[in-house]
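First up is the structure itself, then whatever we jot down about it.
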Amino acid sequence: MTQAEHRPTNFIRQIIDEDLASGKHTTIATRFPPEPNGYLHIGHAKSICLNFGIARDYQGTCNLRFDDTNPVKEDVEYVESIQRDVQWLGFQWNGTVRYSSDYFDQLHAYAVELINKGLAYVDELTPEQIREYRGTLTQAGKNSPFRDRSVEENLTLFEKMKNGGFKEGEACLRAKIDMASSFMVMRDPVLYRIKFADHHQTGDKWCIYPMYDFTHCISDALEGITHSICTLEFQDNRRLYDWVLDNISIPCHPRQYEFSRLNLEYSIMSKRKLNLLVTEGIVEGWDDPRMPTISGLRRRGYTPEAVREFCHRIGVTKQDNTVEMSALESCIREDLNERAPRAMAVLDPLRVVLENMPEDHFEEISIINHPNKPEMGSRLVPFSREIFIDRADFREEANKQYKRLVMGKEVRLRHAYIIKAERVEKDAEGNITTLYCSVDRDTLGKDPADGRKVKGVIHWVSAAHALEAEVRLYDRLFAVANPGAADDFLSTINPQSLRIIGHAKLEPSLRDAKPEFVYQFEREGYFCADSKLSSADKPVFNLTVALRDTWVG
């Protein structure tokens, strides 16, 4: 198939096709404009794949531009994390990283132009009064008593704002549009406000900062963006986007198009609420593997290919909907089934002694790394007289549906021998401490000669060579499908979202596991070494996803 046949289709791409066919545009320019006030989440991944994917498929460009107009909430840490996330997803922005703050001088000049045209004024109502004067959805707003100041007075007062002559909240610059508009965003929106805060790019040069709606459209125009793509909550703001560009002397007028944002079950996509999880210590940080952030997914073992496939599958529409978590997990499960090498790990170890083997027995068994990919090679796994199996893989008594090891019965050790359970040792509380088995030495890699049928296969690790590790089992962070709808979303936290196993036993080849590289622990799930906590002295592995969808909400 050609690359064009692999392209997704959606209403935005149809608009672009029409624009190119009509000659309205000869090249396509998009942008991804995050505010650097937090880490990116899976919803941003959808926007990244859309904007950068369009630029790639139409041989156009996509700018990375930080909407950095609120220095109080922004940080260089977020700037750097966003750049890492975009590149990790497999995209590269056009030219250098851009900032809305790059255009502060031009934005100020356009604000002065609006004042000179009688289309902007300095208002000295308090923020509370501005809200009161704005009216409601059913009641028109009323004009500010400062609305009819002369151009000269507004120019003087705006210069006073710029020079720090007002305190925060004492004055702002507003567009003069229509206080009776049926669209709240058009009721004389604020264009500039005062903030005495150092900016991570411009330092203390400015104490007035432009609002998003004023900044965004002008930044798009200055960069020659052809299609300004944003989510549906900005649909009404398109009127202000067009009003600003229609009333300033700027030659380029991009068009804004809106699509539905991503809502994911058992997650929240509000950066404010995600920040609260971090600051309240409910999670370990923005990259906690339970977080829906791109960095959290990466630390958990998600691959960029799986995230891109997820964004492709959910598509781009104008219809708001909530995607099931299983849809995301299905993408990573399918991806890892193909790419993840296999290994053995015992999460709840039970000591097994193979009594009819010499005490010093040692051998290495060659095991393929992937059952369907011989090109991934094989590894040598040590086998000795004492091994660990998972405690759940043995029962003293069981019905016929139980296909693992039962007292007096046989089971196959994965890639190794058939063993038979003979007897157990227990502690004073009746817990099994050691299981004694016999081994059929003639069954390595083959079925028993006498026609015995062994139905079960269990995994194991050599006790003398086992790598002891901490394993972190992650589940959904929230116990309800829509935590954002709760009065207190923190009350819906799933208390079982993290379970730590302190003394798992792993095959020794995992000692060299690279952070975020995923293995399938056979019969357990997909796991990766934690990029922050794991070390040679104390390996820590994170559950990426279970082998099957077993969640019951």
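Every number in this text was worked out from the coordinates using simple rules, so none of it is lab data. All values reported here derive from a predicted model rather than from experimental measurement. Please note: Cβ atoms are built from the backbone with ideal geometry, for glycine as well, and neighbour counts cover all protein chains shown.
Brief remarks on what is shown
- 29 Å Cα-Cα threshold exceeded, pairs from LYS403/LYS446; LYS117/LYS195; LYS426/LYS455; LYS46/LYS273; LYS142/LYS273; LYS195/LYS273: LYS142/LYS273
- Label-to-label distance, ALA536 versus ASP236, with points set 7 angstrom from Cα along the beta-carbon direction: 6.0 nm.
- Charge dipole (Cα centre; +1 on Lys/Arg Cβ, -1 on Asp/Glu Cβ; no other charges) of region 470-526 amounts to roughly 160 debye.
- P(r) histogram, all alpha-carbon pairs of region 3-261 included - 10 Å bins from 0, percent: 7, 28, 34, 22, 9, 1, 0
- Approximating the spin labels as points 7 Å out from Cα along Cα→Cβ, the ALA479-to-ARG272 distance works out to 2.6 nm.
- About the Cα centre, charge dipole magnitude for the chain (Lys/Arg +1, Asp/Glu -1 at Cβ), debye: 960
- Average projected area [Cα convex hull, region 313-388], square nanometres: 8.1
- Taking the charge dipole of the chain about its Cα centre, with +1 at Lys and Arg Cβ atoms and -1 at Asp and Glu Cβ atoms, the residue from ILE248, CYS331, GLY281 reaching farthest to the positive side is CYS331.
- Size of charge dipole - region 348-459 - debye, nearest 20, with Cβ of Lys, Arg +1 and Asp, Glu -1, no other charges: 620
- Alpha carbon convex hull of the chain, volume per residue in cubic angstrom: 194
- Region 348-459: translational diffusion in µm²/s, Stokes-Einstein, Kirkwood Rh over Cα pairs, 20 °C, 1.002 mPa s: 143
- Low-density loop cleavage sites - GluC sites (Glu not before Pro) in region 420-507, where at most 14 other Cβ are within 10 Å (DSSP): GLU429
- Placing R0 at 56 angstrom, the Cβ-Cβ distance between SER438 and ASP17 gives a FRET efficiency of 0.20 after rounding to 0.05.
- Those aspartates and glutamates that a straight Cα-Cα span of less than 20 Å connects to LYS160, excepting residues fewer than 8 apart in one chain: ASP105, GLU113, ASP123, GLU124, ASP148, GLU152, GLU168, GLU170, ASP198, ASP204
- Cα gyration tensor shape for region 6-96, rounded if a/c is under 1.5, else prolate or oblate: prolate
- Size of region 49-90 as Cα extents on the principal axes (Å, biggest first): 37, 21, 12
- Sites matching chymotrypsin sites (Phe, Trp or Tyr not before Pro) across region 381-456 that sit in DSSP coil, with at most 15 neighbouring C-beta atoms within 10 Å: TYR402
- Computed [θ] at 222 nm, helices only, for the chain once each DSSP H run of length n ≥ 4 contributes -39500 (n - 2.57): -7500 deg cm²/dmol
- Coarse-grained scattering of region 269-342 at q = 0.17, 0.28 Å⁻¹, given as base-10 log I(q)/I(0) from a Debye sum over alpha-carbon atoms: -0.75, -1.24
- Counted by Cβ distance under 15 Å from SER509, the other residues give a net charge of +1, where Lys and Arg count +1 and Asp and Glu count -1.
- Positive-end extreme of charge dipole, the chain - chosen from VAL122, ALA421, THR26 (charges on Cβ): ALA421
- Among the trypsin sites (Lys or Arg not before Pro) found in region 160-220, those both in a DSSP coil and sparsely packed, with 10 or fewer other Cβ atoms within 10 Å of their Cβ, are LYS167.
- Rounded to 5, the percent of DSSP beta bridges in the chain classed as antiparallel: 65
- Look at where the Cα atoms of region 326-402 and of region 474-504 average out, and the two centres are 30 Å apart.
- DSSP-defined antiparallel bridges as percent of all bridges, region 348-459, nearest 5: 70
- Think of the chain as a dipole: +1 on every Lys or Arg Cβ, -1 on every Asp or Glu Cβ, centred on the Cα centre; then among THR231, ASN37, PRO341, PRO341 lies furthest on the positive end.
- Three-way shape call for region 436-489 based on the alpha-carbon gyration tensor, with the a/c threshold at 1.5: prolate
- When the square roots of the Cα gyration tensor eigenvalues are ordered a ≥ b ≥ c, the ratio a/c for region 237-396 is 1.5 or more and a/b exceeds b/c, which makes its shape prolate.
- What the Cα atoms of region 185-226 give is an Rg and a Dmax of 12.4, 35 Å.
- Label separation (LYS167 vs LYS117): 3.5 nm, computed from points 7 Å beyond Cα along the C-beta direction.
- Its residue count N fixes a reference of 2.2 N^0.38 Å for region 158-252, and the Cα radius of gyration divided by that reference is 1.18.
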